[in-house]
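The values are calculated or read from the model by the stated rules, or taken from the named source; none is laboratory data. In this text the structure is predicted, and so the values were computed from the model without any measurement. All Cβ positions, even for glycine, are placed from backbone atoms using ideal geometry, and neighbour counts span all protein chains on display. Note: accessible area is taken over every heavy atom of the protein model, side chains too, but ligands, DNA and RNA are not part of it. Shrake-Rupley method; radii C 1.70, N 1.55, O 1.52, S 1.80 Å.
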Amino acid sequence: MSKAPASLPQPPGGPSERRGPEPRSRHADDQAWIEVITEMDRIYADLVHYQVELEQKNADLEDAQRFIQSVISSISDVLIVCDINGRVQKVNPALLEAVGQDEEQILGQPLRQLFAPEYHALIDGFPEHIRSDTVVDCEVSLLDSEGQPFPLAVNCSPRYDHDNRLSGFVITGRPLGELQKAYRDLQAAHESLKTTQQQLLQSEKMASLGRLVAGVAHELNNPISFLYGNMHALADYERKLKQYLDAIHGGIDENAREALRKKLRIDFLLSDMGPLVEGSLEGAERVSSIVQNLRRFSMPQQQASESFDLVPVIERAITWVLKASSRPPRIERQLPNTLPLINNAGHVHQILINLLQNAVDALQHTAEPLIRISAGQHDGLAWIEVEDNGPGVAPEHTSRVFDPFFTTKPVGSGTGLGLYISYGLATEQCSGSLSLDRSELGGARFRLELPMEQRT
Ligand SMILES: Nc1ncnc2c1ncn2[C@@H]1O[C@H](COP(=O)(O)OP(=O)(O)OP(=O)(O)O)[C@@H](O)[C@H]1O
Ligand SMILES: [Mg+2]
């Protein structure tokens with residue numbers, strides 16, 4: 001702004017106007033007036049300009065205030081601004097709603113009065129505390145309009161003025177009610193999950209027990225039916241022998257005795273009794289060893305290996321299966337004279353029984369049923385193949401035949417455990433392998449491979 005003239009000229013026509021003014025001084029006065037008026041115009045224009053600027057700044061300030069207010073109002077967490085003495089300067093609607101009070105009742109009051117008495121000491125410590133540190137996730141309770149605790153997790157941070165001097169602190173608090181409810185729900189869900197898990201565990205245990213019982217029953221079935229068959233035959237022999245001896249003791253003449261001897265097939269009967277008793281003993285031993293092997297379910301370590309010849313084990317398995325069969329197939333052997341192994345003979349016998357039994361079952365409706373059993377050795381491995389000319393395994397079943405309880409037999413005829421047990425015995429107990437293929441005979445071919453020396 002330019003300065004006003006040093007001395008004001010007299011206005012034209014005023015009381016001090018001299019008559020007949022000199023044209024020169026009059027001109028100077030006019031000039032001065034013009035300058036004054038121009039200066040005033042400029043000052044006025046400046047004023048107007050400042051006024052406009054001021055109004056604009058005012059409007060900006062109001063906008064900023066509205067913005068800050070709307071942000072504060074939309075915060076769902078509780079917000080409390082305090083001065084350095086712990087008196088409330090500003091709160092947000094979330095706080096007002098939580099404590100059920102008006103702003104006027106709260107502003108200027110000590111912060112502690114908003115909180116439950118047990119937290120007063122803690123709250124009183126805030127102004128001191130924030131000088132050195134912030135308060136993070138501290139749990140306190142406000143008092144609601146009914147004096148009930150309203151739990152919050154609060155953070156408290158220092159607030160500085162424009163000279164960067166500590167001027168107070170700001171508290172933000174997140175209501176814990178929802179969190180606590182969510183936590184309780186989570187806890188309940190966790191508990192129910194634990195119960196379900198326990199139940200599942202229990203039913204899994206029962207299922208395992210069921211599998212164990214079914215597996216044992218499956219393994220016992222064969223030697224017991226073999227024993228059963230033998231005992232029937234022995235009972236029949238005993239009846240015939242008694243009849244023959246009664247006749248002799250009754251003084252039957254020689255011709256009649258010979259005729260009776262032939263009729264009752266006494267010679268065959270006597271020669272068959274030895275193997276029958278031997279076979280029955282074997283069956284009984286097998287039952288006893290199966291029962292002993294039950295231990296492997298509780299102690300899954302390998303059973304002791306023994307030295308044995310594979311060929312007689314194969315022969316015994318064939319005998320067992322054929323004896324129990326109502327429609328024995330023709331057996332074709334391609335076996336060496338001897339095949340010594342160090343492994344578990346009982347397990348190998350059980351696997352062969354299962355493979356042969358399956359082949360016999362598969363051949364039930366085959367016109368000229370044939371089973372080929374071959375064995376050999378290579379690179380320290382003994383192999384045995386059991387194949388048949390039955391219908392074979394359907395392609396969609398090949399990946400499932402070793403699964404527990406997989407069976408294509410009618411309900412009550414098969415448990416679907418034979419191959420599952422055999423696979424477990426072959427791989428885990430005998431350190432070998434068991435695989436399925438198609439046979440050139442038309443049916444299935446199972447191949448068992450065993451290390452020739454498995455020492456445990
Ligand atoms: N030689 C075979 N020819 C055709 N299918 C076979 C043969 N061996 C096994 N299978 C198929 O594999 C399935 C499973 O055999 P696995 O011995 O495990 O049980 P299963 O014989 O059905 O019942 P279980 O052994 O309890 O009597 C059989 O149901 C059958 O479908
Ligand atoms: Mg079977």
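Just a few scattered comments:
- Restricting attention to segment 432-445 and to residues that are open to solvent by less than 20 Å² (accessible area, probe 1.4 Å) and within 17 Å of ARG400 (Cβ to Cβ), the residue that is farthest from ligand 1 (Cβ to nearest atom) turns out to be LEU434.
- ALA121 outside any strand (DSSP E or B), open to solvent by 40 Å² or more (accessible area, probe 1.4 Å) and among the hydrophobic types (A, V, I, L, M, F, W, C): yes
- Entirely in segment 323-417, the strands (runs of 3 or more DSSP E) that have 3 or more residues that are open to solvent by 40 Å² or more (accessible area, probe 1.4 Å) and more than 13 Å from ligand 2 (Cβ to nearest atom): 330-334
- Comparison of LEU227, LEU201, LEU212, LEU193 shows that the only residue that is in contact (Cβ under 8 Å) with a residue 12 or more places away in the chain, open to solvent by 40 Å² or more (accessible area, probe 1.4 Å) and under 60 Å from the mean Cα position of the chain (by Cα) is LEU212.
- When ILE314 is tested against (1) open to solvent by 40 Å² or more (accessible area, probe 1.4 Å); (2) over 23 Å from THR415 (Cβ atoms); (3) not in a loop (DSSP other than H, G, I, E, B), only condition (1) is not met.
- Only listed residue being open to solvent by 90 Å² or more (accessible area, probe 1.4 Å), without any contact (Cβ under 8 Å) to a residue 12 or more places away in the chain and within 16 Å of ARG174 (Cβ to Cβ), chosen from GLU139, GLU104, GLU128, GLU97: GLU97
- Scope segment 381-420; condition β-branched (Val, Ile, Thr) and either in contact with a Lys or Arg (Cβ under 6 Å, 6 or more places away or on another chain) or near ligand 1 (Cβ under 8 Å from one of its atoms) (or both); matching residues: VAL386, VAL393, VAL401, THR407, THR408, THR415
- Residue in segment 341-353 that is over 19 Å from SER289 (Cα atoms) and not hydrophobic (A, V, I, L, M, F, W, C) present: no
- Qualifying residue in segment 363-380 (condition: within 12 Å of ligand 1 (Cβ to nearest atom), farther than 21 Å from GLU315 by Cα and in contact with a helix residue (DSSP H, G or I) (Cβ under 8 Å, 6 or more places away or on another chain)): no
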